[in-house]
Amino acid sequence: MTNPPLISVIMPCFNAEKHLLTSIASVFDQSYPNLELVVVNDGSTDDSLKILQGIHDNRLHFINQDNAGVCHARNQGIKLANGELIAFLDADDTWHPECLNKLYQALLTNKSAVLAYCGWQNIGLSEGQSKPYLPPDYETLDKQALLFENCCWPIHACLTRKLAIVEANFFDERLVTSEDFLLWLKIGSRYPIVRVPEVLAFYHFHDDHQATQNKAKTAINHWLAQKLFIDTNPDIAQRLGIKRSKKIMLTELLQRGFECYWKRDLRAARVIFRKIMQQGYGSFQDWKYMLPSFLPYSLHAFLLKHKN
């Protein structure tokens, strides 16, 4: 019986000593029989490197580099990977033991697909924010618009053919967040993708710093990823329509701005609103809420506090 292809799991690691062993165990506990784990220690100043050095498993390969950011670390891992299939797992997240196997089976069944994705669950948030989530099936007539609005799977909830990642020119290192969104958008807009309708990936929230905690930066990076995609894929932009793509981009950004505003995260809302106004977008009613963002923060906060 022919062995299944090698899956290379790429794990960037920066000061992850608290969670690293759990995430590594999640990889080695996979039922899929042929995998390697490539860990890129991205200039950790804690005991992450010491933990890696203490693991004696021939499936583990790791490199140590100066801190260069998560995109650079993942790109280095991809270049070192021996597998024809690539999965990503951050050093504080986990998988169901059947995750890689079920994603692989989906690709095996759908020969033309270059990416298989699944559902996920947030762990460590309030009950309302921790419900399992199944993303939609994007292979519809309006696939490109749906993907462009928001590719709804996190970085560790998919399995991708390495050739597709290389063709898409890896992760864009200009982005701090939404770098995976841009990569999936570039791949999914040109090739078939397939959904596994099961929750197999787990995103863990904890007290340490996480990129998604900065709401304004996350929202603007999402918009920037869309803009970079449109700018570098004029044929797809033409199919979507310039007006439609701009509306999709700025409607999403506006929604995120108002989410921050109504949750009284005024600093984040002000940053997002100013970006939207620079693009000349929004209704008259929207601008009534957004315009005070140009006032000094203390005055804006005062006006809100005393608003009837």
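The values are calculated or read from the model by the stated rules, or taken from the named source; none is laboratory data. Everything numeric in this text was worked out from a predicted model, so none of it was measured. Quick reminder, even Gly has a Cβ in these numbers, built from the backbone with ideal geometry, and neighbours come from all protein chains shown. Note: accessible area is taken over every heavy atom of the protein model, side chains too, but ligands, DNA and RNA are not part of it. Shrake-Rupley method; radii C 1.70, N 1.55, O 1.52, S 1.80 Å.
Tabulated values for the structure
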quantity: Meets criteria (closer than 24 Å to Leu183 by Cα, outside any loop (DSSP other than H, G, I, E, B), open to solvent by 50 Å² or more (accessible area, probe 1.4 Å) and in contact (Cβ under 8 Å) with a residue 24 or more places away in the chain) for His72; calculated: yes
quantity: Condition met for Tyr289 (over 27 Å from Leu182 (Cβ atoms) and open to solvent by less than 60 Å² (accessible area, probe 1.4 Å)); calculated: yes
quantity: Matching option when the condition is open to solvent by less than 30 Å² (accessible area, probe 1.4 Å), at pLDDT 95 or above and under 21 Å from Leu108 (Cα atoms), among Leu20, Leu6, Leu35, Leu60; calculated: Leu35
quantity: From the options Gly54, Gly43, Gly77, residue that is open to solvent by less than 30 Å² (accessible area, probe 1.4 Å) and over 29 Å from Lys102 (Cβ atoms); calculated: Gly43
quantity: Where a residue in the stretch 184-199 is in contact (Cβ under 8 Å) with a residue 24 or more places away in the chain and its partner, wherever it lies, is in a helix (DSSP H, G or I) and of a type in the set (Gly, Ala, Ser), with Cβ under 7 Å and at least six apart; calculated: Ile187/Ala164; Tyr191/Ala164; Val194/Ala106; Val196/Ala106
quantity: Single condition Val196 does not satisfy, out of (1) within 27 Å of Gln255 (Cα to Cα); (2) among the β-branched types (Val, Ile, Thr); (3) in contact with a Lys or Arg (Cβ under 8 Å, 6 or more places away or on another chain); (4) open to solvent by less than 40 Å² (accessible area, probe 1.4 Å); calculated: (1)
quantity: Leading residue by the ranking (farthest from His96 (Cα to Cα)) among those in the stretch 117-176 that are under 14 Å from the mean Cα position of the chain (by Cα) and of a type in the set (Phe, Trp, Tyr); calculated: Phe148
quantity: Flag if Asn75 is polar (S, T, N, Q), on the phi > 0 side of the Ramachandran plot and under 20 Å from the mean Cα position of the chain (by Cα); calculated: no
quantity: Some residue of the stretch 176-188 being open to solvent by 50 Å² or more (accessible area, probe 1.4 Å), at positive phi and of a type in the set (S, T, N, Q); calculated: no
quantity: Criterion (loosely packed, with under 15 Cβ neighbours inside 10 Å, farther than 17 Å from Ala216 by Cα and touching a Lys or Arg at 6+ places or on another chain (Cβ under 9 Å)) met by exactly one of Leu304, Leu299; calculated: Leu304
